[in-house]
Amino acid sequence: MKDIIRYCEKNRNRYLSELKELIAIPSISTDPAHKKDIRRCAGWISGQLKAIGMKGVKIFPTKGHPIVYAEWLGAPGAPTVLLYGHYDVQPVDPVNLWTTPPFKATIRKGNIYARGTADDKGQVLIHLKGIEAFLKNRGALPVNLKMIVEGEEEIGSEHLASFVKSHKKLLKADVVVISDTSMFARGVPSLCYGLRGLSYMQIDLTGPNKDLHSGSFGGSVHNPIQALAEIVAKLHDEKGRITVPGFYKKVRKLTAKERRSFRKLPWNDRKYARELGVKELYGESGFTTLERLWARPTLECNGIWGGFTGEGAKTVLPSKASAKISMRLVPDQKADDIARLFTSYIRKIAPKSCTVDVSYIHGGEAAITPLESPGVRAAVRALEKGFGKKVLYQREGGSIPIVVQFKEILGLETVLLGFGLPDENAHAPDEFLNLGNFFGGIRTVAHFYNELPRFYKQKRSRR
Ligand code: BES
Ligand code: ZN
């Protein structure tokens, strides 16, 4: 592997300037104003794939944003990896809270700052650069590789599942690899084996049929903002448990073994609270912070609005109030079931004084990867080689809904080989990727592709 590692070292500067180029394309998937940038970004990825020597590069249009596909199938007898990543990013507002412009990648103190560095362009490029090292040095990869890079992950991957369903043969593989999660801490490589699911909801309340003068009318009708606040306040009890009836029914209990393994991880609640600037932590009673984050479901209000929010004062009793609510789910909760339970509970507790409308925006299922699969074992070995440290096992609180769909549609397990950091500011101002993780990630994926065939052989010979 010396040739590969040396090539990566020699090309560090070019790798970084390519990351800057990719970052400079503001591919915000949720914003129709950036549709052209999304296209441009798909084009950049496909150009890059051709340049590193991938074959069959193709941009598949969808009803939403395009999916970029590529393959390299020159390793007969070796396993086939399906690599998935996303080139779309989250919006950048509030833009005034960024230290440097969000689409101008800037290096400070060993980190590269910009939207998409960690989530997920930087992590996609980590793979492309590892792959390049093989193809340019040896003209071959140790595995067969298929790749899809989509542009709708941050808005719920709406068109991806139907693409996977209608391209089962094209996507046939042995294992899926995704780099879109984080390591446990700085300098602590970890293998992620669990993601939470998600049901994303919106509540719209309407009171009077128009905005009213709060003096002339205040006291005679229920203010929809107040009514909404009363609803939201009822969604947790005093123990931090969610009150939606049936919400916990399908929740898989943590095993004693898993609880023990979480407890062994280096974790400090006080330090965590200090870093987040909160006076104390909050959560479901009876569970540790890591259990609450990784293995227990939650309900969060993401945004709430209504009435007058401008500068100064305006005395108004508004007609409408709304809230966006996300519920993070764990095995074996089902996103659609939870959305239904939520909807009927909100309808039940909403006061008669207002009209309530509940909508289900998107959802996805929680995922667990078996630790004994050859892909996971190869990934652990590769992380040890790439970072020179012992690997920890962890779950994550975030969601990648396609993971479960890969299992259901293609029958494939996913290896989550993440190189972000817990404080990387994903979806927030000053998102960054640690440069040590960028280059360590490139070494790791190179080792991963190199190690994988061996783990598949072991699997075969043990049968
Ligand atoms: N990279 C994240 C997933 C993630 C988040 C993994 C946190 C580990 C920790 C991904 O890009 C993402 O943000 N996913 C969305 C999914 C949603 C839009 C369906 C999420 O988790 O909010
Ligand atoms: Zn994201």
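The values are calculated or read from the model by the stated rules, or taken from the named source; none is laboratory data. Computed from a predicted model, the values in this text were never measured in an experiment. A quick note on method: Cβ atoms are made from the backbone with ideal geometry, for glycine too, and the neighbour counts reach across all protein chains shown. All accessible areas refer to the heavy atoms of the entire protein, side chains included, with ligands and DNA or RNA removed. Shrake-Rupley method; radii C 1.70, N 1.55, O 1.52, S 1.80 Å.
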*Please determine, by comparing only the residues of the range 380-412 that are assigned to a helix (DSSP H, G or I) and open to solvent by 40 Å² or more (accessible area, probe 1.4 Å), which one is nearest to ALA161 (Cα to Cα).*
GLN405
*What number of residues within the range 53-77 are open to solvent by 40 Å² or more (accessible area, probe 1.4 Å), touching a residue at least 40 places away in the same chain (Cβ under 8 Å) and assigned to a strand (DSSP E or B)?*
1
*Would you tally the residues in the range 21-49 being in a helix (DSSP H, G or I), open to solvent by less than 80 Å² (accessible area, probe 1.4 Å) and of a type outside the set (Ser, Thr, Tyr)?*
13
_Just checking: which of the strands (runs of 3 or more DSSP E) contained wholly in the range 78-140 hold 1 or more residues that are open to solvent by less than 30 Å² (accessible area, probe 1.4 Å)?_
80-86, 111-113
*Give the residue, chosen from LEU198, LEU228, LEU170, LEU191, that is within 16 Å of ligand 2 (Cβ to nearest atom), surrounded by 15 or more Cβ atoms within 10 Å (Cβ to Cβ) and either in a strand (DSSP E or B) or aliphatic (A, V, I, L, M) (or both).*
LEU198
*Enumeration of residues in the range 247-287 that are surrounded by 14 or more Cβ atoms within 10 Å (Cβ to Cβ) and assigned to a loop (DSSP other than H, G, I, E, B)*: PHE247, TYR248, LYS250, VAL251, LEU254, LEU265, TRP267, GLY283, GLU284, PHE287
*Under 6 Å by Cβ, and 6 or more places apart or on different chains, what pairs join a residue from the range 346-371 that is within 16 Å of ligand 2 (Cβ to nearest atom) with one that is open to solvent by 40 Å² or more (accessible area, probe 1.4 Å)?*
ILE361/TYR200; HIS362/TYR200
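Rundown of residues vs (1) closer than 27 Å to GLU258 by Cα; (2) open to solvent by 20 Å² or more (accessible area, probe 1.4 Å), yes/no style:
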{"residue": "ALA295", "(1), (2)": "yes, no"}
{"residue": "GLU311", "(1), (2)": "no, yes"}
{"residue": "ALA321", "(1), (2)": "no, no"}
{"residue": "GLY375", "(1), (2)": "yes, no"}
{"residue": "ALA378", "(1), (2)": "yes, no"}
*Those residues that are assigned to a loop (DSSP other than H, G, I, E, B) and open to solvent by less than 10 Å² (accessible area, probe 1.4 Å), I need them from the range 413-433; list them, please.*
LEU417, GLY418, PHE419, LEU421, GLU431
